[in-house]
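Colleague: Please find one structure pasted underneath; my questions will follow.
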Amino acid sequence: MIKYFYMYLFYSKKRLILILGLIIWIGLMMAIVYPNESIPNQRLYRIQNQVYYEMMINQLLIFLFPFFIVLLVMDHDQDHIKPMMSYFSKTRIAVYKIIFYVIVLTWLYSIFFMIYHVLPSLLTAYYAYDDSSIIFFLNLYLDGLMVSMFVFIFIRDKHKALSILIALFYVLANFMIEDSPNTVLFYLFPQFSSYFSQITLAYPYKICYICLGLTINLIQINYETL
């Protein structure tokens, strides 16, 4: 069954779109990363160059990732899955689907994490590995699971174009929470924030938030009519 979902995702037009999106993202990274300075100047101003790189790429990732996620999961509710639900049970198919998308998202974030470090290491003389990127990508990974959860709950096959609104909401909410950290807004939608990412309890809260959403999705699927 996992193999079926894999073939559905990667033997379709989505594969071409994802590859093109990845190429465009790498091109944008190269345009930002590639320095105009000489190697001695890069090494002399290493800290400033690295801070600029991390700031620009982090903002680019925050803006682009929700749209990548929506592109991946917007077709989760297809008519050809419903006969499988009748045969295997709704809960079993829903659990397999969630596991499959978690694996795909983990794979996607791992690729972006490697590109995030490998590309500047090859193109510049100033870049040095920084452990803070792990925390940043952990936040993005949890945010990706939250965006997927909202798509699972609210988007169905007939209205899948509306899933783009979830990605737009994520981007706009990020602008709001970064400009003025609001605890109430974070409780309602605990997405990445440079302020709240420093609070240790924010991560268990995000995980509980995601688990609650997935539980609601499983209950919703069991009460839907095929």
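The values are calculated or read from the model by the stated rules, or taken from the named source; none is laboratory data. The structure presented is a predicted model; accordingly, all values stated were derived computationally and were not measured. Every residue, glycine among them, receives a Cβ derived from its backbone with ideal geometry; neighbour counts consider all protein chains shown.
Colleague: Give segment 68-83 a look and list any residue that's in a helix (DSSP H, G or I) and surrounded by fewer than 17 Cβ atoms within 10 Å (Cβ to Cβ), or say none. Even if it seems obvious, please write down each step before you answer.
Modeller: The initial filter retains those residues of segment 68-83 that are in a helix (DSSP H, G or I), namely 68-73, 79-83.
Passing the criteria: 71, 79, 80, 82, 83.
Colleague: Condition first: acidic (Asp, Glu) and more than 17 Å from the chain's Cα centre (by Cα). Can you find one or more residues in segment 169-179 that meet it?
Modeller: yes
Colleague: What tally of residues in segment 13-45 results from selecting those that are closer than 23 Å to residue 112 by Cα and either assigned to a helix (DSSP H, G or I) or at pLDDT 75 or above (or both)?
Modeller: Step one: list which residues in segment 13-45 are closer than 23 Å to residue 112 by Cα, which gives 13-35.
Going one step further and asking which of them are either assigned to a helix (DSSP H, G or I) or at pLDDT 75 or above (or both), we end up with 13-33.
Final tally of qualifying residues: 21.
Colleague: Suppose we filter 141, 129 for residues that are in contact with a Ser or Thr (Cβ under 9 Å, 6 or more places away or on another chain) and loosely packed, with under 12 Cβ neighbours inside 10 Å; which single one remains?
Modeller: Result of the check over 141, 129: 129.
Colleague: Further, regarding this structure: What residue, of 129, 141, 170, is free of Cβ contacts under 8 Å to residues at least 24 places away in the same chain and hydroxyl-bearing (Ser, Thr, Tyr)? Before the answer, list the steps.
Modeller: On the way: 141 fails: free of Cβ contacts under 8 Å to residues at least 24 places away in the same chain; 170 fails: free of Cβ contacts under 8 Å to residues at least 24 places away in the same chain.
129 is the lone residue from the list that is free of Cβ contacts under 8 Å to residues at least 24 places away in the same chain and hydroxyl-bearing (Ser, Thr, Tyr).
Colleague: Among the residues of segment 146-163, are any acidic (Asp, Glu), surrounded by 15 or more Cβ atoms within 10 Å (Cβ to Cβ) and in contact (Cβ under 8 Å) with a residue 24 or more places away in the chain? Spell out how you get there, then give the answer.
Modeller: Within segment 146-163, the subset acidic (Asp, Glu) is 157.
Applying the additional criterion that residues be surrounded by 15 or more Cβ atoms within 10 Å (Cβ to Cβ) yields none.
No - not one qualifying residue is present in segment 146-163.
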